[in-house]
1. Take the stretch A:26-45 and flag every residue that is within 13 Å of chain B (Cβ to nearest Cβ) and either within 14 Å of the chain's Cα centre (by Cα) or not polar (S, T, N, Q) (or both).
2. Which residues, taken from the stretch B:72-109, are among the basic types (Lys, Arg) and modelled with pLDDT under 95?
3. So A:ALA84 fits all but one of (1) outside any strand (DSSP E or B); (2) within 13 Å of the chain's Cα centre (by Cα); what number is the exception?
4. Of everything in the stretch A:1-48, what is of a type in the set (Asp, Glu) and more than 16 Å from A:THR80 (Cβ to Cβ)? Give them in sequence order.
5. What is the residue count in the stretch A:81-114 for residues that are over 22 Å from B:GLY40 (Cβ atoms) and either surrounded by 15 or more Cβ atoms within 10 Å (Cβ to Cβ) or at pLDDT below 95 (or both)?
6. Given B:ALA79, B:ALA101, which one is in contact with an Asp or Glu (Cβ under 9 Å, 6 or more places away or on another chain), within 14 Å of chain A (Cβ to nearest Cβ), within 28 Å of A:PRO40 (Cα to Cα) and not in a strand (DSSP E or B)?
7. Across the stretch B:54-76, what is the total count of residues that are surrounded by 20 or more Cβ atoms within 10 Å (Cβ to Cβ) and among the hydrophobic types (A, V, I, L, M, F, W, C)?
8. Would you be able to tell me the number of residues in the stretch A:64-80 that are among the polar types (S, T, N, Q), more than 29 Å from B:SER30 (Cβ to Cβ) and at pLDDT below 95?
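The values are calculated or read from the model by the stated rules, or taken from the named source; none is laboratory data. Since the model is a prediction, treat every value here as computed from it, not as a measurement. Here the Cβ positions follow ideal geometry from the backbone for every residue, glycine too, while neighbour counts run over all protein chains shown.
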Amino acid sequence: GAVVSQHPSRVICKSGTSVKIECRSLDFQATTMFWYRQFPKQSLMLMATSNEGSKATYEQGVEKDKFLINHASLTLSTLTVTSAHPEDSSFYICSARPATDTQYFGPGTRLTVL
Amino acid sequence: TQLLEQSPQFLSIQEGENLTVYCNSSSVFSSLQWYRQEPGEGPVLLVTVVTGGEVKKLKRLTFQFGDARKDSSLHITAAQPGDTGLYLCAGGGDYKLSFGAGTTVTVRA
């Protein structure tokens with residue numbers, strides 16, 4: 001149980017384009033999902049908290065207009081990187097929380113912006 | 001934000017040796033999780049500890065939660081190459097998890 005999927009697993013795009021990443025909880029409902037960014041050999045940096053049916057809460061320093069988050073249902077949250085630039089290249093990971101304090105992570109999405 | 005400090009940052013050992021990773025904070029956590037992450041994949045939950053002084057065992061892995069719920073340790077006995085990975089501790093306590101910086105463990109065959 002508690003499986004979280006992400007799609008796509010890898011994406012390469014040109015600078016200036018937008019990329020959408022999906023995060024799904026496959027066997028549970030998650031009122032809260034989290035989006036993280038991870039640089040090589042570093043820990044996870046929380047970008048935003050996604051709540052079903054309401055606006056996402058962004059961490060300090062994260063541009064909400066650049067990283068658009070939509071949590072349309074109890075099993076799906078999307079992260080759209082708008083007007084992507086090479087510095088946005090990173091490993092993006094989502095997690096979903098079926099219960100207090102326990103988060104289950106997706107497999108991650110490797111974004112490369114050329 | 002509650003901060004978690006992990007040590008050591010890197011650990012390289014020979015197969016069969018034991019290792020311990022530490023996770024410390026000045027804050028009290030209602031629970032603490034340990035994750036293992038392999039390159040190119042998401043973190044996988046290993047254990048959640050919630051009670052001060054709690055000890056949990058998962059095969060060759062032993063997890064301890066400090067009495068004051070401010071620190072935790074992960075001990076691996078007779079490490080194997082399959083134990084190689086990035087080990088992350090994360091603390092709950094309020095709405096969000098706080099992550100340690102991670103410990104990269106390499107077990108040489």
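1. Across the stretch A:26-45, the qualifying residues are A:THR32, A:MET33, A:PHE34, A:TRP35, A:TYR36, A:ARG37, A:GLN38, A:PHE39, A:PRO40, A:LYS41, A:LEU44, A:MET45.
2. B:LYS96
3. (2)
4. Result: A:ASP27, single match.
5. Selection size over the stretch A:81-114: 7.
6. Every option except B:ALA101 fails the conditions.
7. 4
8. Going through the stretch A:64-80 one residue at a time, the tally reaches 1.
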